[in-house]
1. Order 396-402, 302-308 from most to least packed using the mean count of other Cβ atoms within 10 Å.
2. Please identify which residues in the range 441-465 have an amide N closer than 11 Å to a label point set 7 Å out from the Cα of Phe543, following the Cα→Cβ vector.
3. On a full-extension model of 0.36 nm per residue, what is the gain between Ala172 and Asp625, subtracting their alpha-carbon distance, rounded to one decimal in nm?
4. In deg cm²/dmol and to the nearest 500, what is the mean residue ellipticity at 222 nm of the chain if only DSSP H runs of at least 4 residues count, each as -39500 (n - 2.57), divided by the residue total?
5. Would you mind getting the Kirkwood hydrodynamic radius of the range 56-186 from its Cα pairs, rounded to one decimal in Å?
6. Can you work out the FRET efficiency for the pair Ile318 and Ser77, with r the C-beta to C-beta distance and R0 = 35 Å, to the nearest 0.05?
7. Once you have the Kirkwood Rh of the range 77-135 from its Cα pairs, apply Stokes-Einstein at 4 °C and 1.567 mPa s and quote D in µm²/s.
8. With viscosity set to 1.567 mPa s at 4 °C, what whole-number translational diffusion coefficient in µm²/s follows for the range 115-258 from Stokes-Einstein and a Kirkwood radius over Cα pairs?
Amino acid sequence: MLVVAVTSAAADAQASLKKRSDNARVTRYRGGPEIAQQVAFSFDAGDSYPSSTGPRALKRLAGLISVTLSSAGPTGSAIQELTGLGGPFEGYAVESRVRHGRVILSGSAAQRRAQVDNPQLRSAALATARKIRGVVSANPVFMDPKTGRRLVLAQGVVVKLKPGAESSGSLAGASFRQLAGTTDQFIIDLPAATAEEIFQEVSRRARQPQIEWAEPDMIPQMVKHFVPNDPLFSQQWHLRNLGVSPQRNDADIDASEAWDTSRGSTNIVIAILDDGVELDHPDLSPNIFRNPGEVLNNIDDDGNGYVDDIRGWDFFDIDNDPNPVFFDDTHGTAVAGVAVAVADNGLGVAGSGFSCRLLPIRMVGVSLSEAAQAVYYAAGRGSDGVSRWRGADIISISLGFPQSAVTDAAFAWAATNGRNGNGCPIFVASGNEASLWHTVELSDIGAGLHTYEWVFVKDESISEGEDTVWLDGIVFPDKAIQSFESPLLPNGFSTFGNAPWFSVQDGVGNNHALTGWSGQNARAIRSGDISDNQTSGLRTSRFYARTGSLVFSAWVSAEFDDNFYFDRLDFLLDGVREFSIDGDPLAPIFVELDYPASHPDTIAVGACTDFDFRADYSCYAGDLDFVAPSDGGFSGIVTTDLLG
């Protein structure tokens, strides 16, 4: 028998290191700089609502407000009164127009800091905004504390009745409408309600014996899970990879071999639920689905509740034109090309199922209840929840958004009852957040002068991965942001240890800048090249008048061990190590499947590279079903893009 003894001092040191890594003040999130800033500028105002898994808490985002404007008068005057001189949100600007008269107003970094620091200022500004003529509602923009993503209230509550309950009695006194595609789900419209009133209504409805569940309807920050490249068939390695260096031979889907057996069928309809699809794109238009039950006559000929839906439906603008509208509506066209781009036509690219038909459904930017309606529509369920129409045979979704009861029910129904009762296979991208970027928040840093240190530490043996650390996107407790977009260390930063930290440019020196390539200033900061038993440290000191949080993003690629943290990034506050990040390809919270890929009735599809490995960014923990070619290797895949 071999007995191994560990000294008490060594064991204590290891236990201390592990304990510090599990610091309760430390929270990690998916994603990079956008998520980091949303986390940094969020605050807890006690907002929550009941759900089937317990209370669901939300945080508010400072410097953002969602305003619904009346359609009866000029919207410009209301916005001017809100944001003009002396207005409750003086200096704010329209960041985006959500839909249906709703806009998001955004303040500067200084205004965001002021809102975080002054609860009375926040409350007074909202109260004043709600009294302005032409303002129907004014509410905070929220952040999901689990993901860091935005949520905007859609001014309604979604409820599901228990079997046998009648809406007339259960919802008496409320203004409600049936959720399209269902018979037992309803939306209670609360156009002028405050956020507090909406959450109270959810709680009240959830307690009713006739109601199975209730939740606020929200417009989520949808994440598009695919990034295309440019369009030439000879570059479509994902269909046929000949192993041109540095790619790996046959790292593809064997499309040529499959086409010898089948090239798809005009009887198979694939629904793409995404942003707009360019219907007249020459490499897509011959394969766009034509609804056989509809004629362009302003009449709902097939009785599915959607008038003249000859070539799909737009759930954002609520019309029969799912073409792109906004400048960034490029995702749906790219996804469509991967699936059904016309082959053998002397143009552009080929889709893998190039004889199938495409049902385009525009849904990015909609509320969760409308996303559910889009799923029912794709699966062939009429808006009355009873009638059926042709619908799609296959549903494809390359998006991520928050889990909700209303979308859970829609996916379950489509997978079981779609395709004329045979069930629709629902393919969903697994998520893009499994890269080695951590967004980390250390909360409750007290007022005063503090020293922050990031130290890359190597033990006495072994080098793995890229054997280094990258750092980017620091948001200090006073909300000052440092993104290292300069070839030199910023003022106030110094470096120490066996090798200095230095600035690196994306694509140069194996850099992984959070911004991606956007010119010469797409940079991050990187630890120095060190060997065994050495360190490379970065230090800065700052004074703050109030307690706050530090947020930063780090990428660690080094020797990993689940118990002892051999090579790691230590973070020290005032000389005391608060936590460590090791070289693990992320803890399960970062690699678990995004929703709706995590739904039990969907098929989760990850990404693989042109050298036949899972793409580093592609989420995989949980019930991943398979991987398919995408970005992350030496080349991204090639598909259709918007004309021009």
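The values are calculated or read from the model by the stated rules, or taken from the named source; none is laboratory data. Nothing here was measured: the structure is a model prediction, and the numbers come from that model. When we count neighbours, we look across all protein chains shown, and the Cβ atoms used for this are built from the backbone with ideal geometry, even at glycine. We work out accessible area using only protein heavy atoms, side chains counted, and drop any ligands, DNA or RNA first. Shrake-Rupley method; radii C 1.70, N 1.55, O 1.52, S 1.80 Å.
1. Order by mean packing, descending: 396-402, 302-308.
2. What the label zone holds, given the 11 Å backbone N cut-off, is 448-450.
3. Working: separation 453, 0.36 × 453 = 163.08 nm, distance 4.49 nm.
Extra length available between Ala172 and Asp625 comes to 158.6 nm.
4. -5000 deg cm²/dmol
5. One decimal place: 16.6 Å for the Kirkwood radius.
6. The formula returns an efficiency of 0.85 here.
7. Translational D for this selection: 109 µm²/s.
8. 66 µm²/s
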